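Asker: Got a structure for you, questions after.
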Amino acid sequence: MNEEGRSTGLRPGNGATPDPQGVHDPVLPPLEARSLVRTFVGGNGSELRVLRGVDLRVHVGEAVSVTGASGAGKSTLLHLLGALDRPTAGEIFVDGTPLSGLDDESVCRIRNHHVGFVFQFHHLLRDFTALENVMMPRLIAGRTRPEAEDGARRLLESVGLGQRLEHRPRQLSGGEQQRVAVARALANDPVVLLADEPSGNLDRRTSEQLHDLLFQLKDDHDLAMVLVTHNRALAARADRVMQLDNGILGEGEGSL
Ligand SMILES: Nc1ncnc2c1ncn2[C@@H]1O[C@H](COP(=O)(O)OP(=O)(O)O)[C@@H](O)[C@H]1O
Ligand SMILES: [Mg+2]
């Protein structure tokens, strides 16, 4: 299922050559966070400790939902896990690679190649077609145009948009836009899929279709998936439901 046999060689048993720098630990799961702390400094210099020591392991094919009150730090956590932000303290391993020692360029590479991100709002490029939006990360990752297009086409077909390749975002429904965003998140065959309120902007029926799709793709691509959601039905579908409360992530349903 994994395109190019996970050319990174970071996973056990994939037959790829080991990482030459030897920084990857093949026994680690696709996503692990240890003792994550994230502090923000407010305008008046006061410290806001949003995450106070978060631990999380997400295995191949596993879905974890993260619930919690608004402002609890769910998006902050997801941004750290997806290497969009750096922790104040603690360590994150993505596909066995510890992020803390990496320079910005290497972090960028990890993010582009190993992590897919779906936000509440699709953030598609408005002047580009669905196909071009999904091709973009593949081109940035260095694929040739035919390779980028071929993979993007297949991904859009797999999310049920094979007939919408040339549509621009405004010509698509909200559910379709979000499915393009999901296809784009998978453009570089990531091991980790992170979704922050992915159906927060959709009606109930469309939300359910999106949830079905996310879980189908998780299974098809062996993804380690973390879902931040207020949607009770979506949270409950995960293998584990976690609650972020007072900066600590624990088992159990938070306020949904
Ligand atoms: N870049 C930032 N600078 C300062 N404070 C921030 C920043 N990002 C988030 N926060 C604060 O951190 C807290 C958690 O925010 P967030 O992670 O967005 O919560 P959630 O996603 O659970 O609603 C909030 O109090 C928010 O104001
Ligand atoms: Mg949020």
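The values are calculated or read from the model by the stated rules, or taken from the named source; none is laboratory data. Computed from a predicted model, the values in this text were never measured in an experiment. All Cβ positions, glycine included, derive from the backbone under ideal geometry; neighbour counts span all protein chains shown. Just the protein is used for accessible areas: all its heavy atoms, side chains included, with ligands, DNA and RNA removed. Shrake-Rupley method; radii C 1.70, N 1.55, O 1.52, S 1.80 Å.
Asker: Has region 227-250 got any residue that is surrounded by fewer than 15 Cβ atoms within 10 Å (Cβ to Cβ) and within 15 Å of the chain's Cα centre (by Cα)?
Answerer: no
Asker: Here is a further query. Filter region 117-144 for residues that are touching a residue at least 60 places away in the same chain (Cβ under 8 Å) and among the aliphatic types (A, V, I, L, M); which is farthest from ligand 1 (Cβ to nearest atom)?
Answerer: Among them, the one singled out is LEU124.
Asker: All but one of (1) farther than 30 Å from LEU99 by Cα; (2) surrounded by fewer than 16 Cβ atoms within 10 Å (Cβ to Cβ); (3) of a type in the set (S, T, N, Q) hold for THR129, so report the exception by its number.
Answerer: (2)
Asker: In addition: Within region 174-212, restricting attention to residues that are part of a helix (DSSP H, G or I) and of a type in the set (D, E, K, R), which residue is nearest to ASP95 (Cα to Cα)?
Answerer: ARG184
Asker: It is to be established whether one or more residues within region 99-118 are open to solvent by less than 60 Å² (accessible area, probe 1.4 Å) and closer than 20 Å to HIS167 by Cβ.
Answerer: yes
Asker: Still on this structure: With VAL66, VAL134, VAL60, VAL118 as the choices, which residue is over 20 Å from ARG38 (Cβ atoms) and within 16 Å of ligand 2 (Cβ to nearest atom)?
Answerer: VAL118
Asker: Further question: Would you tally the residues in region 30-58 being touching a strand residue (DSSP E or B) at 6+ places or on another chain (Cβ under 9 Å) and not in a strand (DSSP E or B)?
Answerer: Counting residues in region 30-58 that are touching a strand residue (DSSP E or B) at 6+ places or on another chain (Cβ under 9 Å) and not in a strand (DSSP E or B) gives 2.
Asker: Just to be sure before I move on: is LEU84 in contact with a Phe, Trp or Tyr (Cβ under 9 Å, 6 or more places away or on another chain) and surrounded by fewer than 17 Cβ atoms within 10 Å (Cβ to Cβ) in the structure I sent?
Answerer: yes
Asker: Would you pick out the residues in region 226-256 that are in a loop (DSSP other than H, G, I, E, B) and more than 25 Å from LEU213 (Cα to Cα)?
Answerer: Matches in region 226-256: ASN246, GLY247.
Asker: Of the residues ALA183, ALA148, ALA187, which single one is touching a helix residue (DSSP H, G or I) at 6+ places or on another chain (Cβ under 6 Å), open to solvent by less than 10 Å² (accessible area, probe 1.4 Å), touching a residue at least 12 places away in the same chain (Cβ under 8 Å) and more than 23 Å from GLU62 (Cα to Cα)?
Answerer: Exactly one residue qualifies, and that residue is ALA148.
Asker: Go over the candidates ARG138, ARG154, ARG184, ARG145 one by one and state the one that is modelled with pLDDT of 95 or more and touching a Gly at 6+ places or on another chain (Cβ under 7 Å).
Answerer: Numbers: ARG154 fails: touching a Gly at 6+ places or on another chain (Cβ under 7 Å); ARG184 fails: touching a Gly at 6+ places or on another chain (Cβ under 7 Å); ARG145 fails: touching a Gly at 6+ places or on another chain (Cβ under 7 Å).
Residue meeting the stated conditions: ARG138.
Asker: Mind telling me which of the residues GLY96, GLY15, GLY61, GLY53 ends up being surrounded by fewer than 18 Cβ atoms within 10 Å (Cβ to Cβ) and either polar (S, T, N, Q) or modelled with pLDDT under 95 (or both)?
Answerer: GLY15
Asker: Taking the criterion of being modelled with pLDDT of 95 or more and within 16 Å of ligand 1 (Cβ to nearest atom), would at least one residue in region 209-227 satisfy it?
Answerer: yes
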